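Okay, so here's the structure we're looking at.
The values are calculated or read from the model by the stated rules, or taken from the named source; none is laboratory data. Everything quoted here is computed from the prediction, not taken from an experiment. Counting neighbours? That spans all protein chains shown, and the Cβs are built from the backbone with ideal geometry, glycine included. Each accessible area value is taken on the protein alone, full model and side chains, heavy atoms only, with ligands, DNA and RNA left out. Shrake-Rupley method; radii C 1.70, N 1.55, O 1.52, S 1.80 Å.
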Amino acid sequence: MRLLQSVRCRLLVIFLVFATAVVYPQSLIHPYHGLKSHETLIIRDIELSSEKTVVSFSIENRIEGGNFCADKNIYLIDPEGAKLKLTKSAGIPQCPDYYKFKNIGEKLQFVLEFPPLKNGVKWIDIIEHCNENCFSFYGIVLDNALNRKIDEAVSLAEKGETIRSIEDYRNILSEISGKKNGIEGSIYSDIITLLVKTGKTAQAKEWYDKMILSKSPRLEMHIKNLNSRGIRF
């Protein structure tokens with residue numbers, strides 16, 4: 001009996017190690033992010049596997065004679081600053097070639113492929129290095145549970161349930177605070193923006209001051225973004 005129990009314990013340990021090691025494959029639909037460069041450029045989904053990272057995009061044309069291309073120098077950057085360079089693209093010309101939109105409102109869908117991420121990465125940036133009109137996404141959330149919580153907070157705000165939305169955002173911030181999560185600055189910004197919209201200026205200033213003292217990734221960019229929208233204290 002003791003031998004049988006020992007075997008069972010070893011099997012349980014092996015199973016737990018295996019279970020915690022397996023993260024891939026993973027799919028994320030419309031993951032949230034902090035800041036981005038192009039208003040109509042969106043991330044449709046991200047597919048994570050042990051072989052590659054595949055990101056699907058969509059962009060809508062808003063101008064007459066608009067065009068779009070993707071530079072070869074596009075990088076996926078993990079929280080530690082490691083850069084994974086674009087390995088393959090589909091549905092989008094590589095600059096200086098470009099796709100010319102046929103009309104205003106037309107949408108172009110394309111896919112970018114990168115090397116695989118390390119297991120357990122919670123967020124990434126995607127940055128294009130080029131001469132002009134480069135695109136970028138900062139603080140893309142790779143945690144489906146966190147994405148669902150943010151989705152609920154956003155939904156409440158859109159329905160006018162501001163108090164509940166702010167409470168949800170505060171809970172999210174408590175969960176990620178101090179972990180240098182790429183979405184942290186955006187959560188601060190959303191709380192401050194909602195407080196300003198509801199006329200709670202004093203509370204908005206308190207959160208603005210907290211944000212300044214935080215060590216959120218890309219903090220200066222988030223503060224600059226708030227300032228550009230007329231929110232400064």
(request) List every residue pair whose Cβ atoms lie under 7 Å apart, where the two residues are 6 or more positions apart in sequence or sit on different chains, the first residue falls within region 220-233 and is more than 14 Å from residue 139 (Cβ to Cβ) and open to solvent by 60 Å² or more (accessible area, probe 1.4 Å), and the second residue, located anywhere, is aliphatic (A, V, I, L, M) and modelled with pLDDT of 95 or more. (result) 232/226
(message) Being assigned to a loop (DSSP other than H, G, I, E, B), without any contact (Cβ under 8 Å) to a residue 12 or more places away in the chain and open to solvent by 80 Å² or more (accessible area, probe 1.4 Å) is true for just one of 51, 80, 64. Which residue is that?
(response) 80
(request) Have a look at 138, 98 and point out the one that is surrounded by fewer than 18 Cβ atoms within 10 Å (Cβ to Cβ), in contact with a strand residue (DSSP E or B) (Cβ under 8 Å, 6 or more places away or on another chain) and within 18 Å of residue 57 (Cα to Cα). (result) 98
(message) If I go through region 200-218 residue by residue, how many of them are closer than 14 Å to residue 173 by Cβ, in a helix (DSSP H, G or I) and either open to solvent by less than 80 Å² (accessible area, probe 1.4 Å) or touching a strand residue (DSSP E or B) at 6+ places or on another chain (Cβ under 9 Å) (or both)?
(response) 3
